[in-house]
Amino acid sequence: VQLQASGGGLVQPGGSLRLSCVASGRTFSSWAMGWFRQAPGEERQFVAVISWNGDYTDYADFVKGRFTISRDNAKNTVYLQMNSLKPEDTAVYYCAADTYGVEGSRENIDYEYWGQGTLVTVSS
């Protein structure tokens, strides 16, 4: 299984970005998928998760109302739409696959596969 994240970049405060994560593997549609982030000097933290069929989503409090996770199982892709970005959202964003979970988890340890990360910088 390989996960390839993309879509990061430099954006001004209040701006938007959409991250994408393409997965290899024929059973992508059965995996819960999550997004995490890690800022310099900090631990990796949960951002959002989506169930295998997209019916269940969960968000960290600090992104609720601003970020939206979605997936397209036909394209083996999960997305993270990020709006109203703040400087404190600056981090490397990682997608991850929970191949055993149904709804997914907020815990790093429950994810078996990780993408390489994409850097998001929010600055004027």
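The values are calculated or read from the model by the stated rules, or taken from the named source; none is laboratory data. Bear in mind that the values here come from a model prediction, so they are computed numbers and not experimental data. Positions of Cβ are backbone-derived with ideal geometry, glycine not excepted, and every protein chain shown enters the neighbour counts. Accessible surface is based on the protein model in full, side chains and every heavy atom, while ligands, DNA and RNA are left aside. Shrake-Rupley method; radii C 1.70, N 1.55, O 1.52, S 1.80 Å.
Tell me the accessible surface of TRP31 in square angstrom (1.4 angstrom probe, heavy atoms of protein chains only), to the nearest ten.
The accessible area of TRP31 comes to roughly 10 Å².
Which loop-located GluC sites (Glu not before Pro) does the range 21-120 contain, where loop means any DSSP state but H, G, I, E or B and the Cβ has at most 15 other Cβ atoms within 10 Å?
Working: sites: GLU42, GLU43, GLU88, GLU103, GLU107, GLU112; in loops: GLU42, GLU43, GLU103, GLU107, GLU112.
Within the range 21-120, the qualifying GluC sites (Glu not before Pro) (loop, at most 15 other Cβ atoms within 10 Å) are GLU42, GLU43, GLU103, GLU107, GLU112.
What does the accessible area per residue of the chain come to in Å², with a 1.4 Å probe and no ligands, DNA or RNA counted?
On the way: 6290 Å² over 124 residues.
Spelled out: the 1.4 Å probe surface of the chain, per residue, equals 51 Å².
Could you look at the chain and say what percent of its accessible area is carbon and sulfur, using a 1.4 Å probe and all protein chains?
Reported share for carbon and sulfur atoms: 46 percent.
Report relative contact order for the chain in percent, whole number only (criteria: Cα-Cα under 8 Å, sequence separation at least 6). Write down the numbers at each step before the final one.
On the way: 318 pairs, mean separation 45.8, N = 124.
Reported relative contact order: 37 percent.
Keeping every protein chain in place, order TYR79, TYR93, TYR100, TYR113 by accessible area at 1.4 Å, biggest value first, i.e. largest first.
TYR100, TYR113, TYR79, TYR93
Looking only at trypsin sites (Lys or Arg not before Pro) in DSSP loops with at most 15 other Cβ atoms within 10 Å, what is the longest site-free stretch of the chain? Write out the running numbers ahead of the final one.
Values: sites that count: ARG26, LYS64, ARG66, ARG106.
The segment 67-105 is the longest one with no such site.
Run the quick spin-label model on GLU107 and GLU88: label points 7 Å from Cα toward the beta carbon, then report their separation in nm to one decimal.
2.6 nm
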